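Participant: My structure is below; once you've seen it, I'll send some questions.
The values are calculated or read from the model by the stated rules, or taken from the named source; none is laboratory data. The model shown is predicted, which means the values in this text are computed figures rather than measured ones. Using ideal geometry, Cβ is built from the backbone for each residue, glycine included, and neighbour counts are taken over all protein chains shown. What goes into the accessible areas is simple: the full protein's heavy atoms, side chains included, and nothing from ligands, DNA or RNA. Shrake-Rupley method; radii C 1.70, N 1.55, O 1.52, S 1.80 Å.
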Amino acid sequence: MLNFPPQRIICLTEETVETLYLLGEEKRIVGVTGYAVRPKRVRLEKQRVGSFVSGNIKKIKELKPELILTFSDVQANLTKQLILEGFNVICFNQQSISEIFSMIKYLGSIVGNIKEAINLLKKIEKQINLIKKKSDKFKPKVYFEEWDDPTFSGIRWVSELIEIAGGEDIFSNKSHGKLAMEREIQWSEVIEKNPDVILASWCGKPVDIDSIKRREGWGQISAIKSNRIHEIDSSIILQPGPASLTDGLKVLESLIRDQ
């Protein structure tokens, strides 16, 4: 059944969960992805119905959602499966800061609360602008690794946040690729670009920093020599929503500006 505004929503990615909570519309959520951790109480309040690439169709049917929210080409097969099961599905594909802002406004409109969505964006924008205003004599070169095998550099919103936080993303050109495979890099490229800082966040598994240090030829990279290699929790940086624009940006700034 398609109703407006929907009363029963399933969110299969983190950012829509957090956004609805921040809008005060969490009562509409009946099911969430297993990766949902913001706010912390979501794990106690909402039923988990799937991972990032799969969903428990039986559980989803039992919850009788009026709308299911998914994200990107990575969930394309899951989105198709849900549509074939007869569900109403909206698949967002925001990949830049401006597109994240648009997603929040879209979601506010969908639940009939655009006013609160605009207020939320104003708060986030204020925090971003405070960090933007800081000047830097030196902008360290930053390599952000999103996955190890194959090796992917950071997506566009991460690249933009690195620049705001005072760094220079060495693969900013690749960040504009719409598909993950467009951001695949070779280890030799990182050696050649010689970043001052290495940041990594592998979605769904912990980063093995020692294995990165042991990569052939990487011992000569400035970031390795100075031990400026850090893991960032994927829940605050690989989520294209409020988390990355707030807590994620703060962590980026602390690691990039830490001389």
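Participant: Applying the selection to the range 170-206, what residues are in contact with a strand residue (DSSP E or B) (Cβ under 9 Å, 6 or more places away or on another chain) and in contact (Cβ under 8 Å) with a residue 60 or more places away in the chain?
Facilitator: Once the filter is applied, which keeps residues that are in contact with a strand residue (DSSP E or B) (Cβ under 9 Å, 6 or more places away or on another chain) and in contact (Cβ under 8 Å) with a residue 60 or more places away in the chain, the range 170-206 yields ALA180, CYS203.
For every residue, the table says whether it meets (1) surrounded by fewer than 21 Cβ atoms within 10 Å (Cβ to Cβ); (2) among the aromatic types (Phe, Trp, Tyr).
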residue: GLU62; (1), (2): yes, no
residue: ILE68; (1), (2): no, no
residue: SER72; (1), (2): yes, no
residue: ALA76; (1), (2): yes, no
residue: PHE92; (1), (2): no, yes
residue: SER96; (1), (2): yes, no
residue: PHE101; (1), (2): yes, yes
residue: LYS105; (1), (2): yes, no
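Participant: Anything in the range 1-24 that is open to solvent by 10 Å² or more (accessible area, probe 1.4 Å), more than 20 Å from SER244 (Cα to Cα) and in contact (Cβ under 8 Å) with a residue 60 or more places away in the chain? List them, or say none.
Facilitator: The answer is MET1, LEU2, ASN3, PHE4, PRO5.
Participant: A follow-up question, please. Out of (1) modelled with pLDDT of 95 or more; (2) surrounded by 15 or more Cβ atoms within 10 Å (Cβ to Cβ), the odd one out for ILE131 is which?
Facilitator: (1)
Participant: If you go through the range 95-132, how many residues are touching a residue at least 24 places away in the same chain (Cβ under 8 Å) and over 17 Å from ILE164 (Cβ atoms)?
Facilitator: Adding up the residues that qualify gives 11.
Participant: I've got another one for you. Looking at the range 173-190, is at least one residue at pLDDT 95 or above, closer than 19 Å to GLY248 by Cβ and open to solvent by less than 70 Å² (accessible area, probe 1.4 Å)?
Facilitator: There is no residue in the range 173-190 that is at pLDDT 95 or above, closer than 19 Å to GLY248 by Cβ and open to solvent by less than 70 Å² (accessible area, probe 1.4 Å).
Participant: Can I ask one more? If the Cβ limit is 7 Å and pairs must be 6+ apart or interchain, which residue in the range 78-93 that is touching a residue at least 24 places away in the same chain (Cβ under 8 Å) pairs with which residue that is open to solvent by 30 Å² or more (accessible area, probe 1.4 Å)?
Facilitator: Sorted first by the residue in the range 78-93, then by its partner, the pairs are LEU78/VAL53; LEU78/SER54; LEU82/VAL89; ASN88/LEU2.
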